[in-house]
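Here is the structure we will look at, set down as structure tokens.
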Amino acid sequence: MSDASAGSAPQRVCSELSRDVPVAAPGEFQPLRLGALSVWPPVVLAPMAGVTNYPFRALCREQGAGVYVSEMITARGYLNGNRRTVLLASSRPDESPRSVQVYTSDPKDAGEMVARLVDDGVDHVDLNLGCPVRKVTSHGGGAAIPVKRRLMANIVRAMVANARGKPVTVKVRKGIDDGLLTFRDAGRVAQEEGVSAIGLHARTAAQLYSGEADWDAIGELKSSVSIPVLGNGDIWECFDALRMMRRTGCDGVIIGRGCLGRPWLFGELAAVFAGREPPPPPNLGQVIDVMLDHARRLCEFFGPELGMLQMRKWSAWYTKGFRNSSPLRERLRVVSSYAELERELSELDRAEAFPLSALRAHRGKSGRVQSVSLPHGFLASRDDDAPPCEQFDAAEAESYDGG
Ligand SMILES: Cc1cc2nc3c(=O)[nH]c(=O)nc-3n(C[C@H](O)[C@H](O)[C@H](O)COP(=O)(O)O)c2cc1C
């Protein structure tokens, strides 16, 4: 070791973008207030369909702190007692606060669902107003709802009225496309209707998950409302959360794809918000231990068959960027039992370091764009508040990507 490096702090393992980002200074950031809930660090796990079920939420929560939101749960499926929907909405006594994202476009269902969720012990309810899926927007649901301000107001009002003081939040996109931005109106309506915070995924529905999230829109929303604003889009490393909050002034961050196969990101976030350097990323051996832990939790929650089926996509995300990961992923894609997974992983070099290339590698969604389909004549009647007639069943909707 040279004299120059003797006694110096270990080098950050991060991308160039994060190299010089200072960790939080004492008092620089405040806890996120969601009604009576105080959330520190101001970090929220994004609702993600097929992802943020109880097993993954528990895994993330053990690494850090914050609010961990369920995947979107359709009100119709939940109110009809659809078995799978009720399972996806469920939790375990160790989860606190308990947070559920609701999908509906009907004020009556919205109110009923919130009342039931609160009876069931839910502490926070989020409303999905950003689902970009064609089948949803073409009936006027999801990301199309904020186009109809009065309909959005009716849904939110019913939720707040039935939440018995529990915080209700909404999560929106920037709008339909660059020609039809709705986030400013959505912020106004949310605030007027007593919502505790608004989350903005800073992309339009047309963009899906492509391109860079427009953090300036988050800053603009923050300066136009007095309720807390949660910024969402492109937080891949813990330092991105600090950059986003510093640049936009938002009150908290929502973590989406950055934590797919990287639940330890929440530990890194907890560290940097507490003013500490994050721990170094895990080596392959430690990743394998997390994978096996995750697989056990999925099997316990969904049963061994469905649990291992679900694990296939996780295996691809966990191993991204490690040496020879393409053929490995091919093998892991067909693994059908826990024992098989253990056997495959036992062949790997546990000492291999975490690949830098994986830090900002996109997971979960491709970069395609779409032209958003809306119902015929939809834009001619923006003050119409009739709920759309959506024709899909809960199981189908829950397989969509929700936002
Ligand atoms: C697999 C997947 C499923 C998603 N499901 C939902 C959902 O159910 N509800 C929702 O509001 N957003 C959903 N989203 C969007 C995320 O919550 C988040 O807004 C988006 O990924 C942008 O954040 P990111 O750039 O950090 O990934 C989903 C995203 C992904 C990748």
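The values are calculated or read from the model by the stated rules, or taken from the named source; none is laboratory data. Because the structure is predicted, anything quoted here is derived from the model rather than measured. Quick reminder, even Gly has a Cβ in these numbers, built from the backbone with ideal geometry, and neighbours come from all protein chains shown.
Can Y338 be described as surrounded by 14 or more Cβ atoms within 10 Å (Cβ to Cβ) and within 28 Å of I235 (Cβ to Cβ)? Taking the combined requirement at face value, the residue does not satisfy it. Would you confirm whether or not segment 160-182 contains a residue that is without any contact (Cβ under 8 Å) to a residue 40 or more places away in the chain, out of contact with any His (no Cβ under 6 Å at 6 or more places or on another chain), within 16 Å of the ligand (Cβ to nearest atom) and among the polar types (S, T, N, Q)? Within segment 160-182, one or more residues are without any contact (Cβ under 8 Å) to a residue 40 or more places away in the chain, out of contact with any His (no Cβ under 6 Å at 6 or more places or on another chain), within 16 Å of the ligand (Cβ to nearest atom) and among the polar types (S, T, N, Q). The set of residues in segment 88-130 being away from the ligand (no atom under 16 Å from the Cβ), in contact (Cβ under 8 Å) with a residue 12 or more places away in the chain and part of a helix (DSSP H, G or I) consists of P107, K108, D109, G111, E112, V114, A115, R116, V118. Before we move on, is A186 under 19 Å from A89 (Cα atoms) and either under 20 Å from the mean Cα position of the chain (by Cα) or at pLDDT 95 or above (or both)? Spelling it out, it is not the case that A186 is under 19 Å from A89 (Cα atoms) and either under 20 Å from the mean Cα position of the chain (by Cα) or at pLDDT 95 or above (or both).
Given the structure, is L79 surrounded by fewer than 24 Cβ atoms within 10 Å (Cβ to Cβ) and within 16 Å of the ligand (Cβ to nearest atom)? Considered against the rule, which asks whether it is surrounded by fewer than 24 Cβ atoms within 10 Å (Cβ to Cβ) and within 16 Å of the ligand (Cβ to nearest atom), L79 comes out as no. Of L200, L208, which residue is within 16 Å of the ligand (Cβ to nearest atom) and part of a strand (DSSP E or B)? After ruling out the rest, the residue left standing is L200.
Listed here are the residues, each with its yes/no results for (1) within 15 Å of the ligand (Cβ to nearest atom); (2) β-branched (V, I, T); (3) within 30 Å of A25 (Cβ to Cβ).
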position: D240; (1), (2), (3): yes, no, yes
position: I255; (1), (2), (3): yes, yes, yes
position: P278; (1), (2), (3): no, no, yes
position: L284; (1), (2), (3): no, no, no
position: R296; (1), (2), (3): no, no, no
position: E300; (1), (2), (3): no, no, no
position: P304; (1), (2), (3): no, no, no
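Any chance segment 36-44 includes a residue that's aromatic (F, W, Y), in contact (Cβ under 8 Å) with a residue 40 or more places away in the chain and part of a loop (DSSP other than H, G, I, E, B)? Among the residues of segment 36-44, at least one is aromatic (F, W, Y), in contact (Cβ under 8 Å) with a residue 40 or more places away in the chain and part of a loop (DSSP other than H, G, I, E, B), which makes the answer yes. Taking into account only those residues within segment 216-238 that are within 11 Å of the ligand (Cβ to nearest atom) and under 17 Å from G130 (Cβ atoms), which is surrounded by the fewest Cβ atoms within 10 Å (Cβ to Cβ)? My answer is D234. Within segment 295-335, being outside any helix (DSSP H, G or I), surrounded by fewer than 19 Cβ atoms within 10 Å (Cβ to Cβ) and aliphatic (A, V, I, L, M) holds for one residue alone: V334.
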